[in-house]
Amino acid sequence: MAVPAALQAALANARQVCVLTGAGVSAESGVPTFREAGTGLWAQYSPHELATPEAFARDPALVWRWYRWRRDLVAGVEPNPGHRALARLAELVPSLALVTQNVDGLHQRAGSSGVIEYHGNLFGNRCFENGCDFSEADPPTGTAADPASGIPLCPRCGGMLRPGVVWFGEPIPSRTLRLADDAAAACDLFFSIGTSALVWPAAGLAEIAARRGATVIEINRETTDLSGRAACRLQGKSGEILPELVNCLARNRQHSL
């Protein structure tokens, strides 16, 4: 792929980069998009029926079975070249903020740090009663579970634990919103990668960046609502396009030394 000269210049001159990634990035690793996560054993259910506080209150055991299936599925895939290229890009630019709508943790496994997880993390847990957050390793293995359902219980209050993701009908945590909005407002180069640009408020980050004068770049296999407004649009797989962009930047940096 020939990297457009204007994009090469934007990359070379960028001081603060903000990246927003969506389901298309992880789909290249074999992670089903959310719309596809109700197939196979779960074809009789709509994901929208399983990813709400009301669904959990109604049948927490069913919701946990679905999320454990999703955890097992994601644990069996690996970060792809697109994930790894973004981790490398962070080493080549002065500042990079990575915001992801994905909950699979693949950016972190690829080496990215400080990831802003807009919709939470599939492997985290949260107390359904009081909202206490726990990472994958906390509570530790052996945490008490309800003997009848096997639902893990909060080690602080004894309430049911739920997956640490943002469900339909729930707001994005205020701190996450602030971090993402601030990153978009401060950047001079914004990438929208593998996201439909339909899910709000994440879809508004490109608008925030554009209003502040940032150059907006879209990488996507499909045309989206953002496509006609991006300064540059690269159509194709992020796992193929991103490594080439990063290699181009690295070569240019090397030549300038």
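Can you list the residues of segment 92-128 with backbone N under 18 Å from a point 7 Å past the Cα of CYS232, pointing along Cα to Cβ? Hits in segment 92-128 for CYS232 at 18 Å: 92-97. Report D for the chain in µm² per second (integer): Stokes-Einstein, Kirkwood Rh on Cα pairs, 37 °C, 0.692 mPa s. Calculated translational D: 170 µm²/s. In the neighborhood of GLN16, defined by Cβ-to-Cβ distances under 12 Å, what is the net charge if each Lys or Arg adds +1 and each Asp or Glu adds -1? That sum, taken over residues with Cβ under 12 Å, equals 0. For the chain, the longest principal axis of the C-alpha atoms and the axis of helix 174-186 are separated by about 0°.
Could you work out the percent of alpha carbon pairs in segment 143-223 separated by over 18 Å, rounded to a whole number? Cα-Cα pairs of segment 143-223 separated by over 18 Å account for 58 percent. Each Lys or Arg adds one and each Asp or Glu subtracts one; over the other residues with Cβ under 9 Å from the Cβ of GLN235, this totals 0. Taking other C-beta atoms within 10 angstrom as a stand-in for reagent exposure, TYR67, TYR118, TYR45 fall in the order TYR45, TYR67, TYR118, fewest first. Model label sites at ALA9 and CYS132, defined 7 Å from Cα along the beta-carbon direction, differ in position by 5.6 nm. Before anything else, pin down the relative contact order of the chain: Cα pairs under 8 Å, at least 6 apart, normalised by residue count, whole percent. Computed over the chain, the figure is 25 percent. If R0 equals 45 Å, the separation of the Cβ atoms of ARG251 and THR33 corresponds to a calculated FRET efficiency of about 0.85. Note on ASP182 and TRP200: their simple-model spin labels are 2.5 nm apart, each label 7 Å out from Cα toward Cβ. Helix 81-92 versus the longest principal axis of the chain: what is the Cα-based angle in degrees, 0 to 90, to the nearest 10? Around 60 degrees separate the two axes. The local environment of GLU91, defined by Cβ-Cβ distances under 12 Å, has a net charge of +3 under the rule Lys, Arg +1 and Asp, Glu -1. With respect to the chain, whose longest principal axis is taken over its alpha-carbon atoms, helix 238-256 is tilted by about 40°.
Where a number appears in this text, it was derived from the coordinates with a stated rule and is not lab data. As the structure is a prediction and not an experimental result, all values here were calculated from the model. Positions of Cβ are backbone-derived with ideal geometry, glycine not excepted, and every protein chain shown enters the neighbour counts.
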